Structure formats: structure tokens, C-alpha cells
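Step one of this worksheet: look at the structure below.
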There are 2 protein chains.
Amino acid sequence: MQEKAALKKLEQLGKDVVSEIEEGKNPRFVTAARTRSNIVFDKKEGYLRLGAAKEERNFINVAQAKKFMQTIAIAAKCHKFLEEDLHTSIRGLFYQLKFSLGEDVDESIFSEQAESNPLIEDLEVAINVKREELNLNATRRGVLAGNMKVVDTSGGERIEMDCSKTGRTGWSIPSDVDNEIDFVDIRAKYVLVVEKDAIWQRLNEDKFWKKENCILLTPQGQATRGTRRLIRKLADKKLPVFVFTDSDAWGWYIYWTIKTGSINLAYIGNDVATPEARFIGVTMSDLDKYKFLNKLTIKASEVDLKRAQEMLQYEWIKKHKEWVVELERMIKGKIKLEQDALQGPNLTFVGDYIKEKISKEQYLP
Amino acid sequence: MQEKAALKKLEQLGKDVVSEIEEGKNPRFVTAARTRSNIVFDKKEGYLRLGAAKEERNFINVAQAKKFMQTIAIAAKCHKFLEEDLHTSIRGLFYQLKFSLGEDVDESIFSEQAESNPLIEDLEVAINVKREELNLNATRRGVLAGNMKVVDTSGGERIEMDCSKTGRTGWSIPSDVDNEIDFVDIRAKYVLVVEKDAIWQRLNEDKFWKKENCILLTPQGQATRGTRRLIRKLADKKLPVFVFTDSDAWGWYIYWTIKTGSINLAYIGNDVATPEARFIGVTMSDLDKYKFLNKLTIKASEVDLKRAQEMLQYEWIKKHKEWVVELERMIKGKIKLEQDALQGPNLTFVGDYIKEKISKEQYLP
């Protein structure tokens, strides 16, 4: 259904351009400006999104003609992919474009993939579709397990995957979690997002997701588009989302990206941000509660300290005293703490820690 | 069963040290030297392995006492993990060691994880076990689909996963593919290893593995220990292994690592190398056969050219004229070719290309 909608939008874009040509007008299309100045933090909703500024691309314009042509070429290719009912990666699109613009045109228009990425974003914003709806696969990464089933109908048959029967491996989160896929029989009570795959494996071995009846998910580092989107979809089903990362610059970045979205994806902010997410740790204040952690801290890097300083300047952080305390403590002590450190005395303590944090509602906003 | 064997070997190591102390001897253990000079290419078998050189570690030795103590500490921790029947990552082991050597000892012995990695390898070699048998999880990466089932009994119940029912996602290859896991009902006829996940997704959408009855596997870049080991195990079941990568330095490195193993893992060479593997492409000679590819080459990087020059010096390469021709052509033309380029005219051509290469046996050794 969504694919059909994308097809119609692409066709409308083409029809508009043709009409303008026939009417003797300068063909154009309008897209939201994706410049830094047009990225706003929506205080009410709690995520990064684009502001009201628009940009017009004109065909008869020395500076814009090439980009205009390239964007229309991308639209034509995506239209073809949708008609063929086939997916490819951005790299695949790049080679399709490099090969030719069509039967009559025989020239390479893109020499570097870096040229095509921003144009795809232009198109996504201009016609208000996500690249996944244009049959473009993004990088995928991330795994989950829990009491939930996935129904994938993309291959012409109905494949049902039970995320409680995935053994040591878990279910891999795909690039597209919206089209021809459904998440059903969700009996889990909350979503636990753990930064590192190694910690996911540790908790999975302890059957944490089974005992606690949660969906145990790891983005395996920074969350991809697909993983962020899936977390958003699970939050839409009223599951609380808890995030568990290292107490360092990278861990915080992973948390904030899941929670508020990111500058790069501000143009689809509401689809990939989960402002309801809460941060359960590890935190600097854990050092007071769990004394053994004091011998397991490691030296903060310059990046960590610089990032902590930057975060202290954010309006949003300033409002939340708990985060200010965390950041100042890291800066003062020049130390950081990894989630792996919880395994120091006892491998299974990681799960105990999480259970206590959640049951006592000891989390940061 | 294998875990039991590792437990006994660790206990024997401990008993030997205790005996030596009781007899007033200098406690020691012997491990194979993992220096470059002791890494040999086994011409008969076709993989990298360690030579005969041994290294002795002594406790009463100013230069070796610290390392000796650390290795014994690692052995003790792994023994504990095996007794507890719990797994962790090397990072988890690092924190366990950092926390303490035992109840009576309260000092941090490892300040950096870089110190513990080579010691784990020492232990693996000294008692001839793999880290997976010591309940240490390595990084995992890689996905497959095909007519095969996986039986995972590690969680105390029997979980059966059907690799032909994994929809768009595939089955994630775990760190350990040897213990409490089995691969059954293998009806596929060969294994196709494709470098990039994007190409795997393309072929999976085309149901390539179903139509051709193969196991479609991607290491998602360089193959991990687990993925290399699984490819070896599938080759042991007499399935031919074909590798499909870019025609560039990174692609070749991925191929050679799967085929002959690597310097880093020479100490477990025969377990992770698949000398039977064949290279199906993409190749420089594809430019003659598939004319459209000539407009889809990209500029070779300095790294690619340098690597190609190095490969030309290898004895093994010199013997294989096909590889010499490939490498010289790349160096002369200063171009490389990506597997994604096959999608230029037609997204589904990738599968046609592979089918033709395999049916006509057009592959490199």
C-alpha cells in the first residue's frame, strides 16, 4: 500500500515537471531546506526536525540544472524499481545511474556516490516518502530477541519468525521494518536497548528477556535507520523503552540519537525518534551505589571530555539536573565507565543491575 | 563434550604448575611461537599455520613473571566460566581480571585490554583449545540463508531454526558454531559467499539460494572467526565454496583470508581455512566479456595498487597465471571493479552472472 503511494507521488512529480515544460515555465521542485539553520529541536515533542524553510530547485539555472537533472534521474530509477518490485542499495542505484539515464542517453552522470546521497534525501523530503518506500535498502545492523513474532510477506509467501526461538543468535533487524512486514503477538512488557552486542549475548544467555518478559535489542553500536524506526514502532505499541549504554561520549550519542533523532535524519525525525526513551545506565552515580565499580573505571578520552563539555551547553540538558551532575562528575574525575564493567565480580550481575534500575525507576530522562 | 575437554586441559595446566612448585622447580609452560618467522604457508594443504618453533614461559624470570602470572589468571577465570557454564566476551574477561585475581588479591593486573588478547592466544595455543571452547565469545558478523537447519541446544532446550524461513533477514552467524550447535538437513549443493550485505540482500530478494539450491552467505566484509569456521565446516560436508567479492585489495584480502586463513589466526589455521574455496569474481577479465562493465569501473586507490604489487611477489600467486593476469591488468589500468557494478543495467543481473560463472566453471583458484 505504501509502495503504491510512493509510485503515485513519483508520477505526480514527473507530471508536474512535464506540465511546466509544456506551459513554457521553468521546471522546478520544492524541498525542505536541510541546512543546519533549518534543523530545530521540537521542545514540545522532544525530537529534532526540519523547520519551515524551503528550497526551490530550478532546471533553468546554471547552478541548479545539473542537480535538478540528477534528482529527476533518481526519481525515474526509483519509479522503475517500484514497478519491477525489486530493491537495491544506494550503491546499486549509483551504478544504475552511472550506467545510463535511459535508452537514448549514454553518459555517466555520477562519478562519486557522495553526489547521489544528498539528492536521494532531496527526493525523500520533496515528495515526503522514506527511501525504504522507494525500494532503496539502507545499511542494516542490530539484533533482538523476545516474546514477539515477525511476519514477513515480501517474498510472496508468508514467513513467520518467532523472536523467542532464535537461540544464541537473535533476529536480525532489517533495513525496512515498515513494508510487507508486521510485528505481531507482542507479549513483552518493555524494550531494553543495550549498546553492545557482547552485552546482548551475555543477557541472552541468562535468558533475561524471557525471565523479565522484555524485548532485548542491541543496535550493535550506533542505531541504523531500520533499528531506530523499529524502536519507534515498538514505542507506538505503548512499550516503555529503556536504553543501556556506556557512560561515555559514544554511549550518550547512541542514547540521544535513539531518543531525539539526529541532525542527519531530522527530515524524518518523527519516524525515527523515541522521546519516551529513558536512560538506565551506566551512570557516574553508579560509583556511589556499587562500590566495586570504582576500581573498574577507565580514563576518559579527550573526545569524551569535549563532548561532555558540549552537552552541558544544551538547553535541554541544563534543564535536567541529573544529567548536569553526571557530566560534571565525568569532567572532574576524567573517568568513564563501561557497561561491561558490571561483569567484573560476577558475569550475571548485568541483569541484576538492570532489574533493580527498572524496578526502582532509577533512570535518567 | 568439547567443553569438558577444555576444563580438563585447564586443570592439567594448573596441576603441572603446582607439581613444579612442590618439586622446587621453576614453574613454566610451553606455547608455540606466534612470531612472523614461525608462520608458514603449508603448500600441501594450502593454508597458513604455525611452524615447529616453541616458546617457554617461566615464572622465575624477570622478563616473564608478569606475563606468566597473567596467563595463569586468565586460565583460572576461563576455568570458572566453564564451571559456571556462562560465556562472556574478551572485554568481560578483562573486567573480571581487572576486578581481582581472587578473594585474597586486590590489585588491578591489566590496565589495557591490549595486554590480555595475546595472553589468551598464548593459552589457546599452549593447551590446544579455541577461545570459543573457553566460553569466550568473539565478535560476530555474517548472515546466511538456504536449505539447511540449525539446532541450538545451548539454552537447555532444543531450538531449531530453518534457514529457508528467514525472510528478508537471514540467519545471523554466531561467534561459536561448534559447541551445543548443529547444522542439519543440509540440502543445498554449494556455498556462495558474497562480500557485501547489500548484494546478499539483492540475491536473497531474487530467491537466488532457493532457485539455485545453495547456501547464500555474506561475511558482511571481512569474515569473523565464527564465519570462517562455519565455511570450513560446510566445506567438510563436501559442499563446494565459491567466493564473490569486489576486484580490489579489500575483496582479495577477504577471499584469501577465507581460503588460506590469516597471519593472526595461523595458530588455528586448519580450523578456519578453506583451501578448496574458488574465486568467481568480479574479475578484470570480466571487462572483456561484459562490455557494459567498462563504463562502470572506478579509480583504483593507492592501497589497491600497492596490494596488487605485493600479491605479485607471492610464490603461490606466481604459480597461478590467471591471478598474475588479473593483478597486472589492474595495475596497468589503475582501475577497480565492484560487485555492485553488475547491477548497472539490470538489478537481477548479479544472479545471472553468478550462475554462468559457476555452470561454466569460470573461476580462479
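Observations, loosely collected:
- So B:Glu11, is it acidic (Asp, Glu) and in a helix (DSSP H, G or I): yes
- Matching residues, the stretch A:136-160, being closer than 25 Å to A:Gln222 by Cα, over 21 Å from the mean Cα position of the chain (by Cα) and at the interface with chain B (Cβ under 10 Å from one of its Cβ atoms): none
- Selection count, the stretch B:310-328, where residues are farther than 23 Å from A:Tyr95 by Cα and surrounded by 13 or more Cβ atoms within 10 Å (Cβ to Cβ): 12
- Taking the stretch A:345-365 as the range and being farther than 18 Å from A:Lys291 by Cβ, in contact (Cβ under 8 Å) with a residue 60 or more places away in the chain and in a helix (DSSP H, G or I) as the test, the residues that pass are A:Gly351, A:Ile354, A:Lys355, A:Ile358.
- Of all residues in the stretch B:150-197, exactly one satisfies the criterion of being in contact with a Ser or Thr (Cβ under 6 Å, 6 or more places away or on another chain), acidic (Asp, Glu) and closer than 21 Å to B:Glu276 by Cβ, namely B:Glu195.
- Residue check for B:Ile331: within 18 Å of B:Lys259 (Cα to Cα), without any contact (Cβ under 8 Å) to a residue 40 or more places away in the chain and surrounded by 14 or more Cβ atoms within 10 Å (Cβ to Cβ): no
- Residue under evaluation B:Ala223, criteria (1) within 13 Å of another protein chain (Cβ to nearest Cβ); (2) closer than 30 Å to B:Thr88 by Cβ; (3) among the small types (Gly, Ala, Ser), criterion not met: (1)
- Check on A:Leu93, within 14 Å of chain B (Cβ to nearest Cβ), buried (at least 20 other Cβ atoms within 10 Å of the Cβ) and not charged (D, E, K, R): yes
- Residue, surrounded by the fewest Cβ atoms within 10 Å (Cβ to Cβ), within the stretch A:151-208, restricted to residues that are free of Cβ contacts under 8 Å to residues at least 12 places away in the same chain and either part of a strand (DSSP E or B) or among the hydrophobic types (A, V, I, L, M, F, W, C) (or both): A:Glu160
- When the residues of the stretch B:90-125 are filtered to those that are small (Gly, Ala, Ser) and not in a loop (DSSP other than H, G, I, E, B), the one that is modelled with the lowest pLDDT is B:Gly102.
- Flag for B:Leu342 being in a helix (DSSP H, G or I), touching a helix residue (DSSP H, G or I) at 6+ places or on another chain (Cβ under 8 Å), farther than 30 Å from B:Asp178 by Cα and in the same structural domain as B:Cys214 (by TED's automatic domain parsing): yes
- Residues located in the stretch B:287-304, provided they are in a helix (DSSP H, G or I), more than 14 Å from every other protein chain (Cβ to nearest Cβ) and crowded, with 16+ Cβ neighbours inside 10 Å: B:Leu287, B:Asp304
- Boolean, A:Ser175 is within 7 Å of another protein chain (Cβ to nearest Cβ), closer than 25 Å to A:Glu133 by Cα and not charged (D, E, K, R): no
- Between B:Leu86, B:Leu50, B:Leu97, the distinction of being in contact (Cβ under 8 Å) with a residue 40 or more places away in the chain and out of contact with any strand residue (DSSP E or B) (no Cβ under 8 Å at 6 or more places or on another chain) belongs to B:Leu86 only.
- Of the residues B:Val325, B:Val303, the single one that is free of Cβ contacts under 8 Å to residues at least 60 places away in the same chain and within 25 Å of the chain's Cα centre (by Cα) is B:Val303.
The values are calculated or read from the model by the stated rules, or taken from the named source; none is laboratory data. Just so it is clear, the model here is predicted, and its values are computed rather than measured. Reconstructed Cβ throughout: ideal geometry from the backbone, glycine too, with neighbour counts over all protein chains shown.
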